[in-house]
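A.B. asks: Let me begin by handing over the structure; questions about it come next.
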Amino acid sequence: MASPPVFTVGQTLTSAAMNQVGLWLVKSQTVGAGVGSVAITNCFNSDFRNYRVTFEGGTQSGNDLAIQLQFAATTGHYSSMRYDPWTGTAGTLPAVNQVFAYFGLSGMANQATFSMDVYAPNLPEVTKYSGMYTSNGYYGTGGGIYFQTTQLTGFTIIFPGFTNTGGIVKVYGYRN
Amino acid sequence: MTRPLIQIDDEIREMTDEEYENYEALSVFAVSLEQSDPE
């Protein structure tokens, strides 16, 4: 079979072909208006070891305000986020053993996006994540660990001190 | 601070007092990197 497989209309999809699908949409969540946080539940399970999470299409009530992630409402989040501006000074924003991680910055004109890989969230081991983002005035990268072995099933995006309207969060599983 | 809404999957509603307390605790760590436009 050619790789990647090219399907034709009406062709039977074999298990061999379907088992080559590398990324599977697990959950798609539209975000509402005026929210200070959005929890994405039941998106990590035993089907996949690792996941890709994306967020885009939202507008926030302020520019370049730090977004937070929360894998669980406990301490154990260790993170660092680098921010590179179009003009100005670059820097990093760490969080050490907090109940949140910094990841991403806001935009009032639909500039904010992020994409991250989450490793082993539903396994009894430390959860890791890393990714990149855009905002009103910055591009950046970030990553960290949730230093607990809790088997996670979801996560929360928090807009601390501001609100988000719209956008879509998508969670994809990487085939094991 | 005006109390924002909370969203859990498709459910969007007002925050309970406890949820707002947790949100405010996280807002203590709010960071702004907004730069003023060059003149």
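The values are calculated or read from the model by the stated rules, or taken from the named source; none is laboratory data. Quick caveat, the model's predicted, so the values are computed rather than measured. Here Cβ is always computed from backbone atoms with ideal geometry, including for glycine, and neighbour counts include all displayed protein chains. Side chains included, ligands, DNA and RNA excluded: accessible areas come from the protein's heavy atoms. Shrake-Rupley method; radii C 1.70, N 1.55, O 1.52, S 1.80 Å.
A.B. asks: If we count every other residue with Cβ under 14 angstrom of A:GLY173's Cβ, Lys/Arg +1 and Asp/Glu -1, where does the sum land? Don't skip to the end; give the middle numbers.
C.D. replies: On the way: positive: A:LYS27, A:ARG49, A:ARG52, A:LYS170, A:ARG175; negative: A:ASP47, A:ASP117.
Net charge around A:GLY173: +3.
A.B. asks: Further, regarding this structure: For the A and B pair, go ahead and give the buried accessible area with a 1.4 Å probe, both sides summed, in Å² to 100.
C.D. replies: Numbers: alone 8640 and 4030 Å², together 10640 Å².
That pair hides around 2000 Å² of surface in total.
A.B. asks: Quick check: at a probe of 1.4 Å, how many percent of the accessible area of the protein assembly as shown sits on carbon and sulfur atoms?
C.D. replies: Working: 5680 of 10640 Å².
C and S fraction of accessible area: 53 percent.
A.B. asks: Rolling a 1.4 angstrom probe over the protein heavy atoms, how many square angstrom per residue are accessible across the protein assembly as shown?
C.D. replies: Values: 10640 Å² over 215 residues.
Result: 49 Å² per residue.
A.B. asks: With Cβ to Cβ distances under 14 Å as the rule, what net charge do the other residues near A:GLY91 carry (K, R +1; D, E -1)? Working shown, then result.
C.D. replies: Numbers: positive: A:ARG82; negative: A:ASP64, A:ASP84, B:GLU34.
So the surrounding residues net to -2.
A.B. asks: Pick from A:MET81, A:MET108, A:MET18 the residue whose mean-square fluctuation is largest in a GNM of chain A, springs joining Cα atoms under 10 Å.
C.D. replies: Top of the fluctuation ranking is A:MET18.
A.B. asks: Mind listing the long-range amide H neighbours of A:LEU152? Cut-off is under 5 Å, sequence gap 5 or more, other chains count too, H placed in the peptide plane at 1.01 Å from N.
C.D. replies: Under 5 Å from the amide H of A:LEU152 lie the amide H atoms of A:ASN122, A:LEU123, each far enough along the sequence or on another chain.
A.B. asks: With just the Cα atoms defining each centre, how far is segment A:76-132 from segment A:18-63? Give it in Å.
C.D. replies: 15 Å
A.B. asks: Taking the Cα-to-Cβ direction at A:GLU125 and at B:GLU24 and moving 7 Å from each Cα, how far apart do the two end points lie in nm?
C.D. replies: Between A:GLU125 and B:GLU24, the label points sit 4.2 nm apart.
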